[in-house]
Amino acid sequence: MRRYASVTFSDVKITGPFWTERLDCVLTRTIPSQHAQLAAHGILDSLKLPKPVPPLRIPRNKHNFTTQIFWDSDVGKWIEAAAYALSHRRDAALEAQIESIIDDLEQAQAPDGYLNCWYQEREPDNRWTNLRDNHELYNAGHLLEGAVAYFHATRRDRLLKVMMRYMDHVAATFGPGPGQKRGYCGHQEIELALVKLFHATGIVKYLDLASYFIDERGAQPHYFDLERAARGEPVGAFIQGTYEYSQSHLPVRQQTKVVGHAVRAMYMYTAMADLAAEHDDAGLKRACETLWDDVTRTRMYVTGGFGPSASNEGFTRDYDLPNDTAYAETCASVAFVFWAARMMNLDLDGRYGDLLERALYNNVLAGLSRDGTQYFYDNKLDSDGTQYRWDWHPCPCCTMNVARLIGSVAGYFYGLAEGEIAVHLYGGATSRLPVAGGWVTLSEVSTYPWSGDIALTLEPEDCVRFTLSLRIPAWCPAATAQINGQAVAMIPDKGYLRITRDWAKGDTVTLVLPMRPSRLYANPAVRQDQGRVALRRGPLVYCAEAVDLEVAPQMLRLPAEADLTDIWCADLLGGIITLTAAARKVDTSLWEGVLYRDHPPDERPSPLMAVPYYIWSNRGSNAMQVWLRE
Ligand code: FUB
Ligand code: ZN
């Protein structure tokens with residue numbers, strides 16, 4: 001069933017200014033600073049076993065839980081991000097840091113292959129006794145992704161071998177066979193990692209284990225019930241008290257609503273889409289499509305954020321998308337990008353690329369400061385100015401997630417199928433791609449997302465016939481294209497312009513995706529957005545920040561008839577396009593000491609300037625709003 005395969009990031013060179021700047025920042029600033037933070041917070045030290053058990057660094061909460069239990073995952077994610085950096089540019093000092101961590105992990109690994117620094121240090125007798133809460137397999141999944149990425153980047157397989165020994169242990173422990181535990185993790189992640197391990201090694205056992213974990217989830221008798229009873233705990237006495245939280249309330253094929261913890265959900269859907277492709281499993285694909293429609297039609301922020309609620313870090317009700325309390329965890333949008341990429345491989349449908357792009361350019365990028373060292377965990381769409389990015393977090397999951405996605409962003413640009421190259425993302429990239437039995441070098445030059453003028457040059461080794469499929473974003477109804485200066489009929493097929501011809505050296509395709517500032521409105525059922533408007537230009541959603549206004553954005557109104565103008569500001573925030581309009585501000589002068597009056601406030605003219613959402617909060621504490629009163 002898998003019709004398209006992603007072109008791995010290391011086979012695509014980013015050349016455009018937007019992503020080059022973000023990538024350089026992550027490689028030169030974010031990854032080194034994260035290593036320093038991991039060291040400063042005792043996380044690297046926690047890998048050094050055996051040793052006397054030190055005091056907890058992160059105190060337990062009222063559920064007796066500490067996020068320190070998943071420190072191994074932070075290490076795994078950092079190794080993965082660092083491995084992407086090495087694929088771009090080898091760096092002896094960075095490799096030495098990774099090798100030193102591998103020394104510790106190799107040393108820590110138990111003779112039977114088990115490897116979990118928390119359990120081995122603090123609860124050696126409690127292995128695999130609380131899969132529901134304690135992230136044992138989640139930690140393994142992230143270490144595994146790190147190992148696979150490091151192997152791809154360097155061909156060094158020491159960590160990969162450690163993790164294969166561990167996965168052999170996991171495969172022997174879990175499964176439907178006699179004496180095996182019929183368990184799976186309360187925080188999905190290992191499933192998608194095992195698919196990567198299968199791809200790296202070709203060993204089917206790892207794919208089978210991923211399938212087992214996905215298929216067993218939600219089966220009765222419920223494993224988490226059995227495990228709880230074995231621990232002697234009362235029913236329902238756990239952090240969320242519901243299996244929706246971990247999407248284990250039903251077998252995955254029966255799930256039709258996106259519920260619970262958003263990151264868990266997105267990692268699980270990613271693995272489901274992977275397995276649908278691997279096994280040609282139409283039922284699993286259908287489940288993915290149903291869940292995709294559900295979340296993107298009723299539960300997604302305009303910025304590509306997911307999960308409005310802090311209390312479960314996840315989903316609530318349809319159309320419940322509060323702006324000032326939005327959780328919209330950075331990790332959830334990163335994981336949504338993973339899922340969308342898998343869906344693009346199952347089916348070349350522009351809706352996947354459109355929303356991948358929406359999440360990537362907005363909620364994901366907002367998670368990292370311009371200087372690459374500060375982060376948002378939750379991504380509000382309305383702020384009174386009290387939120388600011390932080391340097392680190394007691395639960396630093398989002399930091400390495402945003403780093404690993406930006407470090408590998410080139411891997412989302414292209415897809416390959418029999419006789420076809422699909423271009424999903426634009427922004428300036430070059431790649432040498434295998435197609436129709438030969439090789440073609442494809443160069444795409446653009447300053448996307450600032451301009452939609454895109455120039456593609458094809459250099460096949462020999463003249464060759466294949467299809468070049470170009471995503472035409474749904475926000476762009478007026479796209480045009482030319483081949484060697486001749487207009488092409490614009491008849492996109494499910495969001496892609498598919499051009500089949502004999503391609504020769506030096507052929508050029510010019511694609512123009514006009515980007516005009518435009519207005520977006522939410523379904524009236526989103527009560528928080530009624531009477532409000534959001535602004536966008538191309539893939540970017542905009543917001544108003546107080547620093548650019550005469551008043552806080554909450555005191556502004558953008559009349560429906562106001563024209564929007566886009567302006568390139570070379571000296572602002574490294575060069576961005578701002579949107580401006582003649583807006584109206586509330587006149588507060590008659591409201592001094594008055595709470596209620598019998599007529600509304602007067603308004604005065606006031607200019608609006610809006611900046612891309614992803615770049616907000618880079619100029620100090622600052623009120624901000626995405627959905628403006630109209
Ligand atoms: O539980 C591990 C990670 O920490 C989750 O994915 C995030 O939501 C945060 O809770
Ligand atoms: Zn996170």
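The values are calculated or read from the model by the stated rules, or taken from the named source; none is laboratory data. Here the structure is a predicted model, which means the values were calculated and not measured. Neighbour counts run over all protein chains shown; Cβ positions are idealised from the backbone, glycine included. Heads up: the accessible areas ignore ligands, DNA and RNA and are worked out on the full protein's heavy atoms, side chains in. Shrake-Rupley method; radii C 1.70, N 1.55, O 1.52, S 1.80 Å.
Couple of notes before you dig in:
- Of LYS77/LYS196; LYS196/LYS380; LYS205/LYS285; LYS77/LYS161; LYS77/LYS494, pairs whose Cα-Cα distance is over 26 Å: LYS196/LYS380; LYS77/LYS494
- Dimensions (Å) - the range 43-94, Cα atoms, principal axes, largest first: 44, 24, 12
- Positive-pole candidate from PRO539, THR588, ILE577, dipole of the range 518-629, charges at beta carbon: PRO539
- Reach of LYS62 by Cα under 15 Å, taken over aspartates and glutamates that are not fewer than 8 positions away in the same chain: ASP133
- Within the range 518-629, percent of DSSP bridges classed antiparallel, to nearest 5: 95
- Projected onto planes of every orientation and averaged, the convex hull of the alpha-carbon atoms in the range 304-413 covers 7.5 nm².
- In a reduced charge model with +1 at each Lys and Arg Cβ and -1 at each Asp and Glu Cβ, the range 518-629 shows a dipole moment near 360 debye about its Cα centre.
- Each of the peptides 112-124, 395-407 was scored by the mean count of other Cβ atoms within 10 Å over its residues; in descending order, highest first, they stand as 395-407, 112-124.
- When TRP591, TRP392, TRP292 are compared by accessible area at a 1.4 angstrom probe, the order from most to least is TRP591, TRP392, TRP292.
- Whole-number D in µm²/s for the chain (Stokes-Einstein; Kirkwood sum over Cα pairs; 25 °C, 0.890 mPa s): 96
- For the range 1-135, the solvent-accessible area of protein heavy atoms averages 42 Å² per residue (probe radius 1.4 Å; ligands and nucleic acids excluded).
- Count Lys and Arg as plus one, Asp and Glu as minus one, and take only other residues whose Cβ is under 14 Å from that of ARG90; the net charge is then 0.
- Local electrostatic count, PRO559, Cβ distance below 14 Å [Lys/Arg +1, Asp/Glu -1]: +3
- With a 1.4 Å probe rolled over the protein heavy atoms of all chains, the accessible area of GLU561, GLU99, GLU80 falls in the order GLU561, GLU99, GLU80, largest first.
- Summary value for the range 561-630: 28 percent relative contact order, contacts being C-alpha pairs under 8 angstrom separated by 6+ residues.
- Mean Kyte hydropathy of -1.0 or more with a Cα span along the axis of at least 20 Å, helices from DSSP in the chain: 71-88, 92-108, 136-154, 158-173, 262-279, 282-298, 330-346
- Simple label model, 7 Å out from Cα along Cβ direction - TYR596 to VAL204, nm: 7.3
- For the range 518-629, alpha-carbon Rg relative to the globular expectation (2.2 N^0.38 Å, N residues): 1.12
- Percent carbon-and-sulfur accessible area, the range 67-118, ignoring ligands, DNA and RNA, probe 1.4 Å: 48
- Summing Lys and Arg as +1 and Asp and Glu as -1 over all other residues whose Cβ lies under 11 Å from the Cβ of LEU207 gives a net charge of -2.
- The range 98-149 - Kirkwood radius from inverse mean 1/r over Cα pairs (Å): 11.8
- Surface share of carbon and sulfur [accessible, 1.4 angstrom probe, percent] for the range 556-612: 55
- With kT/(6 pi eta Rh) evaluated at 25 °C and eta = 0.890 mPa s, and Rh the Kirkwood radius from Cα pairs, the range 414-512 diffuses with a coefficient of 182 µm²/s according to Stokes-Einstein.
- Antiparallel DSSP beta bridges within the chain, as percent of all bridges there, nearest 5: 95
- Assigned charges on the beta-carbon of Lys, Arg, Asp, Glu; the chain dipole about Cα centre (debye): 300
- With all protein chains kept in place, the per residue accessible area of the range 414-512 amounts to 40 square angstrom at a probe of 1.4 angstrom.
- Translational diffusion of the range 78-230, estimated by Stokes-Einstein from the Kirkwood radius over alpha carbon pairs at 25 °C in a medium of 0.890 mPa s, is 153 µm² per second.
- Highest average packing first - 208-220, 55-67, Cβ atoms within 10 Å: 208-220, 55-67
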